[in-house]
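Take a look at the structure below.
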Amino acid sequence: MKRTNVGVSVRGSVLPPPVLYSAVGKNLEEKQGPFENTVLDVPEGTPVPYPIYQADFTSKLVNNFRLSGEGKDDIQISKDGWLYLERALDWSQDDHYIIKVEALADDEVVEGPVYVTINVLDVNNRAPYFNQTEYTAMVREQKAAGVPFTRVFGLDQDDPDTPNARLRYSLVSQIPMKQQILLFKINPITGEISTTEEGEQMLKAREGIQYGRNEDQSIDALKAKFNDYCPGQHTPYEENPFFTCVERAGRCQAVSDPDYTLFVRVQDMEGQSESALSGNTRVNIVVQQNLWVKPRPIHIDENLQVAYPLNIVQSNDPDAIYTLVQKEKELKFPFQIAENGSIFLTEMLDREDKDMYILVVMAKDESGEEVDPPMEIHVLVQDLNDNAPVCENAETVFELQENEPIGSLVGNLTAHDADEAGTLNAQITYSIMSQNPPTTPMVFSIDAASGRIQALSSLQRKQQQVYHLNVQASDPVFSTECKVVVKVIDVNNELPLFEKTDYGNYTLAEDTPVGHTVTTISATDADDPDSGSAFIEFHISAGNNGDVFAVETDGNGVGQLVIARPLDFELSSTYKLQIDARNKEPLLKGLEYGSESTAFVSVSVTNIDEAPEFAVDIMEVTVPENITKGSVILTVEAKDPEGKEIRFKLDGDTHGWLEIDAATGAIKTKGHLDREVAENPEMSTEHALSVRLLDVNDNVPKLTENQAFVCIGKPKPVILKAQDADSSPFSQPFKFTLAINKKSPNWELITVDGTTAKLILKKKTTEEKTFSLPINIKDSAGLGVTQPFEVKVCNCTELGYCYLAPEDRSFSYGLGPTVGILAGTLGFCTIKQINKDNKKKKTRAAEEETNAMM
């Protein structure tokens, strides 16, 4: 192969030399000599005549050459074998030529033919240009910075595969440009023009006549508006400077008299070379008034007695058709909007039902395109004093020991007002209206603002054991009477005493269920019965690592030591619990609790060979059917409580698409995935995989606890907390939802913050029942799974624990995993396929059971 470089000068610039290389042509017999097929790269515009290649030959008989094929009129050959340009080559006319060369002896071919391919190289000799010499654009006041409102288009006739045609846009100047502040900018790659941050703030439209949508905007309509605004004018319109000023500011004249003119340049060579060529254009810009301005929050009085519908806001962009969207999915949405932007309230509002509405107004043109971005309007419901204070309890009972000093706290009375907090309408004032038996002076006082009740004298039980107070709770309009009972109780001069201080040792298996009673303890108190001085509370003050145990009691001296959290041999195998008996009321001054008020219980935990556990019960993976073979779609995580080796196995993959690493749990693709095959209506495959793979988001949020209880008497929200091993942006904030098909009548799940939510029992019940609730938790990227959360609704003791009889304490938590693992060398995990009919039966049964519990 030969290679020849020849320097060429064109139009005063040095061009790259023609590049020569040889190759045997297709379907031609390969030549061993130098007379062979050749390819030449020749820059366009190479001066003529210019030799570009000499054909070597071996025969001494050669005395002439013959050319045929493409470009034979532009390219000639001399008798001594030099190919030369007869005319300058032009890349835009033809980018290559193929010429057949034959060596002749007189008229007889003695060598060849060979083929010479000449590739014409583009030279940057064509300046870029715009498809318009002048552009016109409209931009509204307060147009968001960086959002394009128009675009220029540059063209270049050079080779698009070379830098010669790679264009870059720039803004040359802006007229006018006050204080040297640019109000506009251009995207150097796309040519899109937008406002700068300064432009968003500073662009102002001229004052002018405004037209409604579909309103006539002719010169006659303008004259009519002018007459209405300036009656009594007798000067001809064309000679009236006021009319001509308004006419010039109108839309019909705005293009010929722009507010701003931009001079824009386009350069080839990406604008990076001093020899880059350029083209220019101008952009005339008219600033239009922004009639699409978000109003301040709209305040509407609740229970407003007016005629409805009531017009509460008006938008009048003449180019827009308005629609109203409800941002919050509420059953009640008492708002309507007309096409001209008038928003109406259709009925009176009640702040106690809802104190704020968020309206989303859409403005589109007749073709359905957005005129402006959607706008949120906040409607705030103003509070009226239409609610009376409500006592927290029908009767509030306080206890106070006798001989307490003057000023001692009796208790805090609480009332609530449903009117708006922080306003006078909800400001409650307390006052004692009567005391029974009456005394002079009264023996109690109440703080008017807080409801704090104090004793005005040192009370004696032998003089009076019970006082009844009527307390008035008032706001500026309404008042309510609250009943208060004050019991004067004996001085707490007796200690609670355990029947024995050592309750011995108890052995429990590691899988003993939560709620199981370990033993019953008891203590007595010689103070007055039914008083706080005789009420006995039990507290575990030492040895209770992890709060595994608790004592349930009704306050009468009997307590059940129960398991409050699951036992774990690996975390702790022995406990020595110190349990203290304490009174509700403080002891008599100088009296202290001693060892007779403390007892000990020892607990030993025996190990159970527990089954290995998955990190999550249900997993689901969404992958494209064209995923690369060998890709890891999910790594299953599991652990064995005893620390034994775990091995994994995958079952149910009838198509043979997947494989699992027995040691690591990594699931990979091993065959071509076909969605159409997987969705065969005759079969369905139950995958225990439910993780949506997004980028490197390979962890799902997980509940830190999967069980809880709610007391029937005083149901309190259950706090759910989740955590995610991923980092931002694939972690919190989490989205918590109840994964059921319809809204639950019994349960409500409300997000508290980025990692927690509260589960609320909406309806009170008198029946003990265990609910298994499917909780779906997604991270900020939308990745998540549904996890079971088990709630026991139960009767509770005074300490707030479920009361379970010893023989009934078998409440266990958790659902059986869909993927099983066996520990040891024979252990494996399975993902099973089920027949569609069986799956339907099981699904229907599960739905019926879930609906019954929901």
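Quick rundown of the values:
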{"quantity": "Answer residue from the stretch 735-759, given it is of a type in the set (A, V, I, L, M, F, W, C) and open to solvent by less than 50 Å² (accessible area, probe 1.4 Å) and is farthest from residue 781 (Cα to Cα) among those", "calculated": "747"}
{"quantity": "Residue ranges of strands (runs of 3 or more DSSP E) in the stretch 539-653 with at least 1 members more than 30 Å from residue 773 (Cα to Cα)", "calculated": "558-563, 574-583, 598-606, 632-635"}
{"quantity": "Output for the stretch 628-655, where each listed residue is polar (S, T, N, Q) and open to solvent by 90 Å² or more (accessible area, probe 1.4 Å)", "calculated": "628"}
{"quantity": "Residue identified as crowded, with 19+ Cβ neighbours inside 10 Å and polar (S, T, N, Q) among 117, 46", "calculated": "46"}
{"quantity": "Test set (1) surrounded by fewer than 20 Cβ atoms within 10 Å (Cβ to Cβ); (2) without any contact (Cβ under 8 Å) to a residue 60 or more places away in the chain - residue 480 fails condition number", "calculated": "(2)"}
{"quantity": "Whichever residue in the stretch 53-71 is open to solvent by less than 70 Å² (accessible area, probe 1.4 Å), among the hydroxyl-bearing types (Ser, Thr, Tyr) and at pLDDT below 85 and, among such residues, is farthest from residue 81 (Cα to Cα)", "calculated": "59"}
{"quantity": "Pairs where the first residue, in the stretch 413-426, is on the phi > 0 side of the Ramachandran plot and the second is of a type in the set (Ser, Thr, Tyr), C-beta under 9 Å, 6+ apart", "calculated": "none"}
{"quantity": "Residue 60, sole failed condition from (1) touching a residue at least 12 places away in the same chain (Cβ under 8 Å); (2) of a type in the set (Lys, Arg); (3) over 20 Å from residue 159 (Cα atoms)", "calculated": "(1)"}
{"quantity": "Residue that is farthest from residue 328 (Cα to Cα), among those in the stretch 369-393 that are in contact with a Phe, Trp or Tyr (Cβ under 8 Å, 6 or more places away or on another chain) and among the aliphatic types (A, V, I, L, M)", "calculated": "388"}
{"quantity": "Pick from the stretch 710-736, criterion of a type in the set (Lys, Arg) and under 23 Å from residue 796 (Cα atoms), ranking: nearest to the chain's Cα centre (by Cα)", "calculated": "716"}
{"quantity": "Tally of residues being of a type outside the set (D, E, K, R), open to solvent by 50 Å² or more (accessible area, probe 1.4 Å) and either within 30 Å of residue 419 (Cβ to Cβ) or assigned to a loop (DSSP other than H, G, I, E, B) (or both) across the stretch 483-504", "calculated": "2"}
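Listed here are the residues, each with its yes/no results for (1) at pLDDT 95 or above; (2) open to solvent by 60 Å² or more (accessible area, probe 1.4 Å); (3) outside any strand (DSSP E or B); (4) acidic (Asp, Glu).
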site	(1), (2), (3), (4)
375	no, no, no, no
380	no, no, no, no
385	no, no, yes, no
393	no, yes, yes, no
400	no, no, no, no
405	no, yes, yes, no
418	no, no, yes, no
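Residues are listed down the side, and each one gets a yes or a no for (1) touching a Cys at 6+ places or on another chain (Cβ under 7 Å); (2) open to solvent by less than 40 Å² (accessible area, probe 1.4 Å); (3) under 16 Å from residue 602 (Cα atoms); (4) in contact (Cβ under 8 Å) with a residue 40 or more places away in the chain:
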{"residue": "506", "(1), (2), (3), (4)": "no, no, yes, yes"}
{"residue": "517", "(1), (2), (3), (4)": "no, yes, yes, yes"}
{"residue": "523", "(1), (2), (3), (4)": "no, yes, no, yes"}
{"residue": "526", "(1), (2), (3), (4)": "no, no, no, no"}
{"residue": "546", "(1), (2), (3), (4)": "no, no, yes, no"}
{"residue": "549", "(1), (2), (3), (4)": "no, yes, yes, yes"}
{"residue": "554", "(1), (2), (3), (4)": "no, no, no, yes"}
{"residue": "567", "(1), (2), (3), (4)": "no, yes, yes, yes"}
{"residue": "584", "(1), (2), (3), (4)": "no, no, no, yes"}
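The values are calculated or read from the model by the stated rules, or taken from the named source; none is laboratory data. Fair warning: this is a prediction, and the values are worked out from it, not measured in the lab. Virtual Cβ from ideal backbone geometry, glycine too; neighbours counted across all protein chains shown. Ligands, DNA and RNA are stripped out before the accessible areas are found, and what is left, the full protein with its side chains, is counted by its heavy atoms. Shrake-Rupley method; radii C 1.70, N 1.55, O 1.52, S 1.80 Å.
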